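Asks: Pasting a structure here, questions to come.
The values are calculated or read from the model by the stated rules, or taken from the named source; none is laboratory data. Being a predicted model, the structure only gives us computed values, none of them experimental. Note that each Cβ is placed from the backbone with ideal geometry, even for glycine, and that neighbours are counted across all protein chains shown. Ligands, DNA and RNA are excluded from the accessible area calculation, which covers all protein heavy atoms including side chains. Shrake-Rupley method; radii C 1.70, N 1.55, O 1.52, S 1.80 Å.
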Amino acid sequence: MAGSGLFDDCTLPDTFCEVSGRKSDSEIDRLFTRRLARQSRAGLDRRKARAEEEMYNLGITFTLYFGEETVDRVLPFDVIPRPIIAKDWAVLEEGVQQLIEALNHFLHDIYHDRKILNDGVVPADLVLDNKYYLEQMVGVDPPGGVYTHICGTDMIRDHDGRFLILEDNCRTPSGVSYVIENRHLMMRSFPDLMENARVRPVSDYGVRLREKLADCAPAGVTDPSVVLLTPGLYNSAYFEHVFLAREMGVPLVEGRDLYVDENDEVFMKTVCGPAPVHVIYRRIDDAFLDPEAFRKDSMLGTPGLMRAMKAGKLAIANAPGTGVADDKAVYAYMPDIMRYYLDQEPIISNVKTYVCRRPDECKYVLEHLDELVVKPVGESGGYGIVVGPKATKKEIAEVAEAIKKDPANYIAQPMISLSTSPTLTKEGVQPRHVDLRPFAVTGKGTWVLPGGLTRVAVKKGSIIVNSSQGGGSKDTWVLS
Amino acid sequence: MERADNLARLLSVAEGFATGDDDKAAWRGVLDTFSDGPAFAKTGKQLTGLNVVRWYFIDKKNPNSIASALAAARENARALRHITPTETWKQINMLNGIIARLTARQVTLPKLADLCEQVRLGCQAHQGGVDGAWYRDEAWLFHRLGCELERADQTTRLVDVKYYQITEPGDDGDAIIPPDIVWWNSLLRSASSYHAFRRRHALSAGPTEAASFLLFDEDCPRSVRLSVNEAAERLRELEDDYGAAPSPELRQICHSLVDLLARTEPVKPGRALHRYLDDVQLQLISFAEALSERYFGPD
């Protein structure tokens with residue numbers, strides 16, 4: 001990047017830079033070192049403002065409520081894409097497919113024979129006492145044997161640019177609408193930059209998703225009817241629900257639009273009468289899905305959905321009870337789980353994880369709190385995380401107490417320096433930490449969307465990329 | 001969107017023909033069109049042009065304001081975003097954003113004509129987008145149905161109130177105060193029908209013909225008759241194309257409304273007209289209720 005000006009201050013010591021770390025790749029050289037670096041700072045600012053205005057006009061927003069007032073905000077969008085070269089992507093793609101295969105074996109096993117628990121590879125209580133483990137799923141066979149139809153795995157890159165799995169999202173991972181909308185925005189804002197760029201397209205996600213969901217329809221259904229079940233208009237991810245229903249071309253329904261009849265068949269109420277439903281892509285948590293089986297007070301779900309699934313007349317994506325695999329303590333066992341079912345070494349490694357339920361590892365964690373990142377196992381969205389090297393003495397003391405009180409609720413990981421990607425900030429183009437959530441859909445086989453959600457920690461030095469904590473996003477360019 | 005369009009028409013015409021901010025009769029006329037006198041009185045504001053205009057333009061506490069109508073349209077479009085064409089959604093979202101951000105200071109009588117035009121053009125663009133890009137599914141039929149019913153309601157109100165204003169007080173209540181040219185303009189222009197009326201009718205045509213034009217003309221896009229006939233047609237398509245037959249009650253109300261408006265004899269302005277329009281209004285309300293009960297009610 002020497003001499004370009006724009007990218008002069010874009011690397012940090014001992015940290016992988018998504019652009020300069022792969023500048024020997026000819027496509028990165030052509031698109032970034034030559035094309036993008038020619039842009040002026042003012043030009044970039046202008047295009048960013050225009051892109052965010054377009055997001056606002058298109059309603060790619062989430063709604064904040066202040067009493068009676070509502071404010072629509074856009075997720076901050078960074079106009080400098082994050083590239084991934086073909087060779088790196090091939091490894092990631094294979095790794096994600098391997099992970100999902102193992103996860104589906106694992107989920108089937110823990111709801112059927114429990115071999116992995118009986119063989120002592122994963123502690124039985126860790127699984128069976130998990131709050132996301134559902135007794136109602138024991139012995140149930142989801143059509144096609146698929147539990148995790150949609151999977152979004154959070155990945156980071158170490159200082160050499162190797163991908164590492166940070167976290168699994170097997171319940172209802174969100175963010176894929178941003179992957180596709182970010183690409184639309186880039187194509188509108190930078191037609192000159194995108195011209196002839198060998199960037200793999202992401203726009204067929206909806207078609208692939210519907211195809212994979214149809215793969216998993218109940219036996220005997222030839223032309224399955226798929227619906228997307230949303231908690232409704234006031235859900236913060238409503239935009240994404242609408243987006244996916246449109247991209248798939250399937251009805252968007254709420255729980256009250258569906259019913260299950262006495263033959264355990266599911267129908268959607270329409271102005272033209274009842275219409276059968278075979279596959280539900282639900283964006284409602286397990287607990288609220290079916291008041292007949294789970295929380296009785298749920299107003300969001302539809303009574304009888306579990307009955308229909310058990311009777312083999314309905315596929316639910318993702319299957320209820322997959323949340324066990326998201327647990328941060330179960331995560332620590334993922335390499336063992338992969339070896340157990342597939343007899344293979346993991347293609348993508350885990351971040352080294354200390355499980356505080358193991359006394360010796362807990363002891364190590366308590367002695368090294370100032371070097372480690374501590375996470376509560378059942379939380380998501382970045383809540384409750386304590387970053388040792390950046391925490392105050394008081395915070396360290398508090399988390400130490402919490403761990404001693406309930407060790408099983410915590411894991412710890414060494415501080416990994418997340419990779420950075422050049423990002424347009426108020427101070428110019430600067431390195432900011434990023435992660436990656438690739439999306440994979442599974443039916444007959446697993447397809448990985450060549451792209452993924454790149455989240456960026458907008459604040460200088462921050463490694464928390466969650467949108468609830470001020471993160472933004474970038475377009476992810478998988479190069480071919 | 002239809003309501004916002006009608007409000008914008010009415011406000012700009014009222015502003016054009018009122019003698020000023022303190023022309024109480026003119027501004028009360030606007031409130032009367034929507035039976036909003038009591039609701040406005042509750043705000044405690046003085047009856048001035050500026051106060052009435054701001055209340056109808058930007059007051060979100062007034063459910064019958066342009067801002068409220070657009071916000072409701074935007075919420076509905078958001079709920080149905082998955083079947084609404086992208087440009088239609090974007091346009092509603094942007095128009096709502098522009099109006100929602102207006103401050104009281106930006107809404108003044110001299111600026112009103114421009115603001116109303118912006119709303120009207122936006123609402124017309126909406127109709128154009130729906131016409132040009134919406135897949136002709138059952139949702140489109142319901143969009144049309146809602147539009148036609150709202151339009152029929154607005155025109156009925158307009159005629160009723162305007163003719164009430166020129167009825168001679170007295171025992172028979174059937175005498176008309178001969179209206180001046182301003183009155184003509186204001187009435188017909190509120191319904192975008194001034195030029196069409198002039199083309200269709202001789203210069204000697206009077207208030208009776210004008211009322212008949214707005215109520216019974218078969219080709220005027222804002223006449224009550226055309227709106228009702230169009231609504232009936234959409235209802236038929238719902239049955240024929242989607243097998244979604246109306247309830248017996250809905251079918252009966254629809255027939256009766258079509259019959260009520262299929263008259264060749266003009267209605268003489270005065271008490272008879274008022275009674276007639278009352279009847280049309282009540283049936284329009286029943287139509288809307290039966291429609292929502294049949295297609296969107298509980299099972």
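Asks: (1) touching a residue at least 40 places away in the same chain (Cβ under 8 Å); (2) closer than 26 Å to A:A275 by Cα; (3) open to solvent by less than 10 Å² (accessible area, probe 1.4 Å): which one isn't true of A:F294, the others all being true?
Replies: (3)
Asks: What are the residues in the range A:265-291 that are open to solvent by 10 Å² or more (accessible area, probe 1.4 Å), out of contact with any Gly (no Cβ under 7 Å at 6 or more places or on another chain) and more than 14 Å from every other protein chain (Cβ to nearest Cβ), if any?
Replies: A:E265, A:P276, A:H278, A:D285, A:A287
Asks: Okay, next question. Could you tell me whether B:D160 is open to solvent by less than 60 Å² (accessible area, probe 1.4 Å), under 27 Å from B:R28 (Cβ atoms) and modelled with pLDDT of 85 or more?
Replies: It is true that B:D160 is open to solvent by less than 60 Å² (accessible area, probe 1.4 Å), under 27 Å from B:R28 (Cβ atoms) and modelled with pLDDT of 85 or more.
Asks: From B:N64, B:N96, which residue is more than 14 Å from chain A (Cβ to nearest Cβ), surrounded by 14 or more Cβ atoms within 10 Å (Cβ to Cβ) and either outside any helix (DSSP H, G or I) or touching a Lys or Arg at 6+ places or on another chain (Cβ under 8 Å) (or both)?
Replies: From the options B:N64, B:N96, the qualifying one is B:N64.
Asks: Taking the conditions exactly as written (open to solvent by less than 30 Å² (accessible area, probe 1.4 Å), within 14 Å of chain A (Cβ to nearest Cβ) and in a helix (DSSP H, G or I)), does B:A69 satisfy them or not?
Replies: Judged against the criteria, B:A69 is not a match.
Asks: Criterion first (of a type in the set (G, A, S), in contact (Cβ under 8 Å) with a residue 40 or more places away in the chain and open to solvent by 40 Å² or more (accessible area, probe 1.4 Å)) does A:A86 satisfy it?
Replies: Criteria met by A:A86.
Asks: Report, by residue number, each residue of the range B:81-90 that is out of contact with any Phe, Trp or Tyr (no Cβ under 8 Å at 6 or more places or on another chain) and either more than 9 Å from chain A (Cβ to nearest Cβ) or open to solvent by less than 20 Å² (accessible area, probe 1.4 Å) (or both).
Replies: If the condition is that a residue be out of contact with any Phe, Trp or Tyr (no Cβ under 8 Å at 6 or more places or on another chain) and either more than 9 Å from chain A (Cβ to nearest Cβ) or open to solvent by less than 20 Å² (accessible area, probe 1.4 Å) (or both), then B:E87, B:W89 are the ones that fit.
Asks: Among (1) touching a residue at least 12 places away in the same chain (Cβ under 8 Å); (2) farther than 23 Å from A:R246 by Cβ, which single condition is B:A125 missing?
Replies: So B:A125 meets the others, but not (2).
Asks: Can you tell me which residue is surrounded by the most Cβ atoms within 10 Å (Cβ to Cβ) among those in the range A:229-264 that are within 11 Å of chain B (Cβ to nearest Cβ) and small (G, A, S)?
Replies: Filtering first and then ranking leaves A:A245.
Asks: Tally the residues that are modelled with pLDDT of 85 or more, open to solvent by less than 60 Å² (accessible area, probe 1.4 Å) and over 17 Å from B:E117 (Cβ atoms), restricting the search to the range B:187-200.
Replies: 4
Asks: Do any strands (runs of 3 or more DSSP E) lying entirely in the range A:1-105 carry at least 1 residues that are away from chain B (no Cβ under 14 Å), and which ones are they?
Replies: Answer list for the range A:1-105: A:61-66, A:77-84.
Asks: So which residues in the range A:2-25 are over 21 Å from A:R157 (Cα atoms) and either open to solvent by less than 50 Å² (accessible area, probe 1.4 Å) or not charged (D, E, K, R) (or both)?
Replies: A:A2, A:G3, A:S4, A:G5, A:L6
Asks: So how many residues does the range B:282-299 have that are of a type in the set (S, T, Y) and within 12 Å of chain A (Cβ to nearest Cβ)?
Replies: Residues that pass the stated criteria total 2.
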